[in-house]
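The values are calculated or read from the model by the stated rules, or taken from the named source; none is laboratory data. From a predicted model like this one, the values you see are computed outputs, not experimental measurements. With ideal geometry, Cβ positions are generated from the backbone for all residues, glycine too; neighbour counts draw on all protein chains shown.
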């Protein structure tokens, strides 16, 4: 990363050299044109032409090389920042996970951080340009060369005052954006429930008000940036006027005149001095925004990771493997936060390898919480949880599916095995659905599997858990959205006496609200 960060330095220095060769070229060309015709030589003319070609060709090449290096640095920075945020989001507790915050950090804040490399290189380069331009300006107008610097001083004082208050306003804007995105994401994920409950107008009004609040905060930030840009542009407007007026007055007093060579050369130098000074002041609020984005990303990355307090049971020999436990819970107490009473207390469970255990109970009794504790998603307040393997297959009641093809959603990160894949698809009753899709299992399922029905999403998530071939599988009511015929087929194929899980010796922890019917199908 360091070589890529330092790579733009050389082309930027070359750009400075060619850029400040322009006033020299202008002065040389005007001096050549002012030379009487009889004293001109063809060699001098060709030298001016050659110098112009070298200067402007060098400007084009050095600027292109500089922008290329900056773009590479920007892409590398964005990839690193987004990768860190993504990795951190996957290591958080599911109970405290806020996907809206992660989305905001990956979009708005990551983009601000990506500009930090450009801010750094432009800052040091433009400081050099201002110093070099002032020195060259002193050769043309003498002691009047500090005039642009005086104007810069007053404009910078105003800019410093505005920048001092800009960071807090930028933070408020980012927080408002994150709040709106989180609410919008939550609404889109629960659209069916909102329509069934008839709360769509209320939700629409809520998001609309959040957007208005965000725009109100953004308006204050924009007005501050307008004032900041006005102070920055004042430099380029007033510097040439004041400098030439003072120089003309001084020349009149001294009995001299403002000649063509001095006028054009000074104009070019003033432009070269005021432009980097303008850029320095315009970079300040953007750099402040980058610092605020850095701080927000740092706070997110420094959050404590999800603690995995589960213990791993020792493997037994093959003779006693079936009687050895796959899951053991001893005096386990679970609650999501310390401020509320425990959801489950004093839980003691021993599940042998290859067993199929049904966890049944009313809604809200803590079944899903128990499953999340077994997966290590929720820390225990007391007791110990021991598992034979921490690699556990899971199928939630409301499954999450990545954007991609149906085949990619089933295979996940497991290696592709065509024979095993076809068997899993058939056992999960997905073969007919795949045959009916326009592109088969290469059909795009959309974000969160929105192109599939509820039953298809559940079966794809179930197939993903089966395809992984884990020693332990947790199923949280995975067939609640299926019709009776499909439900019976899947239970017989996977959970029945001759089902796949029995043949593979997989330990299954099945959560359901209709335990009696599931038990009948399994034992049938």
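Here are a few things to note about the model shown:
- Hey, residue 330 more than 25 Å from residue 90 (Cα to Cα) and either surrounded by 18 or more Cβ atoms within 10 Å (Cβ to Cβ) or in contact with a strand residue (DSSP E or B) (Cβ under 6 Å, 6 or more places away or on another chain) (or both) or not: yes
- Of all residues in region 117-138, those that are without any contact (Cβ under 8 Å) to a residue 40 or more places away in the chain have Cβ atoms under 9 Å from Cβ atoms of residues that are outside any helix (DSSP H, G or I) and buried (at least 16 other Cβ atoms within 10 Å of the Cβ), 6 or more apart or on another chain, in 135/145; 138/145.
- Odd one out for residue 90, checked against (1) touching a helix residue (DSSP H, G or I) at 6+ places or on another chain (Cβ under 9 Å); (2) closer than 30 Å to residue 189 by Cβ: (1)
- Out of 126, 167, sole residue that is at pLDDT below 75 and assigned to a helix (DSSP H, G or I): 167
- The number of residues in region 46-80 being out of contact with any helix residue (DSSP H, G or I) (no Cβ under 7 Å at 6 or more places or on another chain), surrounded by 13 or more Cβ atoms within 10 Å (Cβ to Cβ) and under 21 Å from residue 26 (Cα atoms) comes to 4.
- The set of residues in region 464-484 that are assigned to a helix (DSSP H, G or I) and either within 19 Å of residue 402 (Cα to Cα) or in contact with a helix residue (DSSP H, G or I) (Cβ under 9 Å, 6 or more places away or on another chain) (or both) comprises 464, 465, 466, 467.
- Unmet criterion (only one of (1) at pLDDT below 85; (2) in contact with a strand residue (DSSP E or B) (Cβ under 9 Å, 6 or more places away or on another chain); (3) closer than 30 Å to residue 333 by Cβ) for residue 375: (1)
- When region 448-488 is filtered for residues that are at positive phi and surrounded by fewer than 17 Cβ atoms within 10 Å (Cβ to Cβ), the ones remaining, listed by number, are 448, 469.
- For region 338-360, the tally of residues that are assigned to a loop (DSSP other than H, G, I, E, B) and touching a helix residue (DSSP H, G or I) at 6+ places or on another chain (Cβ under 8 Å) stands at 2.
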